[in-house]
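Before any comments, here is the structure.
The values are calculated or read from the model by the stated rules, or taken from the named source; none is laboratory data. No experiment lies behind these values; they were computed from the predicted model shown. Note: ideal-geometry Cβ built from the backbone for every residue, glycine included; neighbour counts use all protein chains shown. We work out accessible area using only protein heavy atoms, side chains counted, and drop any ligands, DNA or RNA first. Shrake-Rupley method; radii C 1.70, N 1.55, O 1.52, S 1.80 Å.
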Amino acid sequence: LYMSNVSAGDVQQSIDALKSQRVVNKDQPINKGKDDWSFFTYHEQYLIWEFYSVAVQELILSTILGVVSVSLIALIFIPHWTAIVFVAPLISMLYVDLLGVLQLAGIHVNAVSYVTMVMSIGLLVDFIMHVLLRYYEIHGDRETRT
């Protein structure tokens with residue numbers, strides 16, 4: 001099976017080629033009505049194409065789950081309930097800023113940037129939590145705390 005018309009640098013072509021191969025495999029008479037196909041094509045390149053096809057959805061899911069879980073943890077461990085009013089929006093804004101800077105820098109989503117963006121949620125939380133915790137620990141009025 002030759003795919004000489006698929007450019008290695010064009011992600012959309014790679015995803016389309018992977019989807020086309022799945023359709024061809026699914027339509028084989030030996031695979032009709034089966035969840036586990038008896039006949040299919042395989043190449044190591046398919047793994048990279050699969051990453052390309054799911055990276056954006058997985059990054060969105062990881063970001064949403066990260067922000068929600070960190071906000072709930074903040075609600076539990078920071079001494080005042082208003083902390084969640086600061087944590088969720090600030091982490092979301094900082095994350096959008098991070099994605100914007102990556103876009104301006106011309107950095108595309110690949111395996112390294114994907115892991116880095118997921119890990120960056122922890123660094124954003126660390127920064128915000130230290131500031132919020134210090135604010136709630138200091139006694140006095142709002143002016144003194146700030």
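Relative to the Cα centre, what is the charge dipole magnitude of the chain, using +1 at the beta carbon of each Lys and Arg, -1 at the beta carbon of each Asp and Glu, and rounding to the nearest 20 debye?
With Lys and Arg at +1 and Asp and Glu at -1, about 200 debye.
With a 1.4 Å probe and all protein chains kept in place, how much accessible area does residue 113 have, in Å² rounded to the nearest 10?
Looks like 20 Å² after rounding.
Applying a 10 Å radius around every beta-carbon, put 71-78, 25-32 in order of their mean neighbour count, most first. Can you show the working numbers first?
Working: 71-78: 15.1, 25-32: 11.2.
Result, highest mean Cβ count within 10 Å first: 71-78, 25-32.
Sorted from largest to smallest, which semi-axis lengths in Å does the alpha carbon gyration tensor of the chain give for its equivalent ellipsoid, taking the root of 5 times each eigenvalue?
47, 18, 9
What is the spin-label model distance, in nm, from residue 60 to residue 141 if the labels are put 7 Å beyond Cα along the C-beta direction?
4.7
Excluding residues on the same chain fewer than 8 positions from residue 19, give the aspartates and glutamates whose Cα lies under 19 Å from its Cα.
In chain and number order, the partners are 10, 27, 35, 36, 44, 50, 58.
Taking the Cα centre of the range 1-130 as the origin and placing charges on Cβ (Lys, Arg +1; Asp, Glu -1), which of 66, 122, 30 is farthest toward the positive end of the dipole?
30
Label residue 77 and residue 115 with points 7 Å out from Cα along Cα→Cβ: what is the distance between them in nm?
2.4
Just to confirm the number: angle between the C-alpha axis of helix 44-77 and the first principal axis of the chain, 0 to 90 degrees, nearest 10?
Relative to the chain, helix 44-77 is tipped by roughly 20 degrees.
Taking the full set of protein chains and a 1.4 angstrom probe, give the accessible area of residue 130 in square angstrom, rounded to the nearest 10.
Roughly 120 Å² of residue 130 is accessible to a 1.4 Å probe.
What Kirkwood hydrodynamic radius, in Å, does the range 89-146 give when the mean of 1/r is taken over all pairs of distinct Cα atoms and then inverted?
When all Cα pairs of the range 89-146 are included, the Kirkwood radius is 13.2 Å.
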